[in-house]
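Heads up: the structure comes next, in structure tokens.
The values are calculated or read from the model by the stated rules, or taken from the named source; none is laboratory data. This one's a predicted model, so the numbers in the text were calculated from it and none came from an experiment. In this analysis, Cβ positions are derived from the backbone assuming ideal geometry, glycine residues included, and neighbour counts consider all displayed protein chains.
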Amino acid sequence: MSEANVRERSRHSGTIQRATPPSRSAGATHPGYKREQNEDALWSDEERGIWVVADGLGGHQAGEIASMTVIEEVQRSAATDRHYERALQRAHALLLGDEQNTANMGSTAVILAEDGAYFHLYWVGDSRAYVFTPDDGGGGQLKQLTIDHSYVQMLVDSGAINPQEAANHPNRHVITRCIGGSTNPQLEIDRVSALWEPGQRLLLCSDGLSAEVPAEEICRILAENPDNRRAVDLLIAAALDAGGKDNITVQVVEAPDQPADSRDWPFGSSRKSEGSRSSLLPGGTMTLALTAVILLVVIASLTAWLLDSF
């Protein structure tokens, strides 16, 4: 694998496009070798704790419009209410109502939003999020957190094919859900929430990476390259070495410095409304609350005893 592939000037207009230089994360997109246009889009704001990857559908211009519509609505929510499910719903409505829209104009999306020591993922389509957890031996484990909304995933879920067969299935790029792209006014958005663990990194990507580079290779690159910028460059280089048949977009995000809560919150998808919040409180908050309750009980008992004494 050669990093020169990332910087190579090809027949496409421009080369790799990078997100604003950050401190805890890095992101970049590349058109690949086969597509005339880059219909992928990415955006991040570390201060607000938000990262997004969108993969447009519909060919020249249509896909670019769709992915940028998603980005713009996420940006609007980041600056106001932070209701990212609503942002995707607004993007869906805008694309369905766009005069330029056709039945195949749409976008996938995966959003990472931080909330203290927690993170939330929202996604539609086959753009993915993975979590990489390092181990003491210099390696680590890579776990896919999102579940593709795709025809092939439906076959896997039904038992018709296994994951190995899915990786090479001729219809692996056919998605069953996207933002816009249909006359269905309802958009179903999946969500997963979890606690950051120290040392973890999250990877957001379009299928230009996940469909071309095996998970084992992605894991190896992340394990061997703790620098986020270098990891992003090498992941894109790996997708280009595999043929660069699609647009490639990657974001890598480190866990925040603050330690995660000591309790285990297992990964699992849900479809909560954006406004809902878990009843779990951070450990420190629970301890303070319990102490306050005990104190009130003691004071009440003491008051009752004093009144009885007089």
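Please work out which one of (1) closer than 15 Å to Ile189 by Cβ; (2) free of Cβ contacts under 8 Å to residues at least 40 places away in the same chain is the condition His83 fails and give its number.
In the conditions (1) closer than 15 Å to Ile189 by Cβ; (2) free of Cβ contacts under 8 Å to residues at least 40 places away in the same chain, His83 misses (2) alone.
Just to check your reading of the model, which residue among Ala91, Ala79 is assigned by TED's automatic domain parsing to the domain that holds Gly181, surrounded by 17 or more Cβ atoms within 10 Å (Cβ to Cβ) and not polar (S, T, N, Q)? Steps first, answer last, please.
Details: Ala79 fails: surrounded by 17 or more Cβ atoms within 10 Å (Cβ to Cβ).
Only one candidate qualifies: Ala91.
Can you find a residue in the stretch 98-114 that is hydroxyl-bearing (Ser, Thr, Tyr), out of contact with any Lys or Arg (no Cβ under 9 Å at 6 or more places or on another chain) and assigned by TED's automatic domain parsing to the domain that holds Ala215?
Residues of the stretch 98-114 that are hydroxyl-bearing (Ser, Thr, Tyr), as a first pass: 102, 107-108.
Add one more test, that the residue is out of contact with any Lys or Arg (no Cβ under 9 Å at 6 or more places or on another chain), and what stays is 102, 107.
Keeping just the survivors that are assigned by TED's automatic domain parsing to the domain that holds Ala215 gives 102, 107.
Scanning the stretch 98-114 turns up at least one residue that is hydroxyl-bearing (Ser, Thr, Tyr), out of contact with any Lys or Arg (no Cβ under 9 Å at 6 or more places or on another chain) and assigned by TED's automatic domain parsing to the domain that holds Ala215.
Taking Gly63 as the residue in question, decide whether it is farther than 17 Å from Ser193 by Cα, assigned by TED's automatic domain parsing to the domain that holds Val252, of a type outside the set (Lys, Arg) and surrounded by 15 or more Cβ atoms within 10 Å (Cβ to Cβ).
On the way: farther than 17 Å from Ser193 by Cα: yes; assigned by TED's automatic domain parsing to the domain that holds Val252: yes; of a type outside the set (Lys, Arg): yes; surrounded by 15 or more Cβ atoms within 10 Å (Cβ to Cβ): yes.
Yes, satisfied.
Name the residues in the stretch 107-163 that are at pLDDT 90 or above, buried (at least 21 other Cβ atoms within 10 Å of the Cβ) and among the polar types (S, T, N, Q), would you?
Answer for the stretch 107-163, where residues must be at pLDDT 90 or above, buried (at least 21 other Cβ atoms within 10 Å of the Cβ) and among the polar types (S, T, N, Q): Ser107, Thr108, Ser127, Thr146.
Restricted to the stretch 164-190, and to residues that are surrounded by fewer than 17 Cβ atoms within 10 Å (Cβ to Cβ) and of a type in the set (A, V, I, L, M), which residue is modelled with the highest pLDDT?
The extreme case among them is Val174.
Anything in the stretch 31-50 that is among the small types (Gly, Ala, Ser) and in a loop (DSSP other than H, G, I, E, B)? List them, or say none. Spell out how you get there, then give the answer.
So in the stretch 31-50, the residues among the small types (Gly, Ala, Ser) come out as 32, 41, 44, 49.
Scanning the stretch 31-50 gives Gly32, Gly49.
Residues Gly27, Gly49: which one is modelled with pLDDT of 95 or more and over 24 Å from Glu217 (Cα atoms)?
Details: Gly27 fails: over 24 Å from Glu217 (Cα atoms).
Matching residue, one of Gly27, Gly49: Gly49.
With the requirement that a residue be among the charged types (D, E, K, R) and at pLDDT 95 or above, what does the stretch 83-106 give you?
Start the filter on the stretch 83-106 by keeping residues that are among the charged types (D, E, K, R), which leaves 85-86, 90, 98-99.
Passing the criteria: Glu85, Arg86, Arg90.
Give Gly138, Gly56 a once-over and let me know the one that is farther than 27 Å from Pro31 by Cα, of a type in the set (Gly, Ala, Ser) and either part of a helix (DSSP H, G or I) or in contact (Cβ under 8 Å) with a residue 40 or more places away in the chain (or both). First the steps, then the outcome.
Values: Gly56 fails: farther than 27 Å from Pro31 by Cα.
Matching residue, one of Gly138, Gly56: Gly138.
Restricted to the stretch 195-212, and to residues that are more than 14 Å from Ala237 (Cα to Cα) and acidic (Asp, Glu), which residue is surrounded by the most Cβ atoms within 10 Å (Cβ to Cβ)?
Asp207
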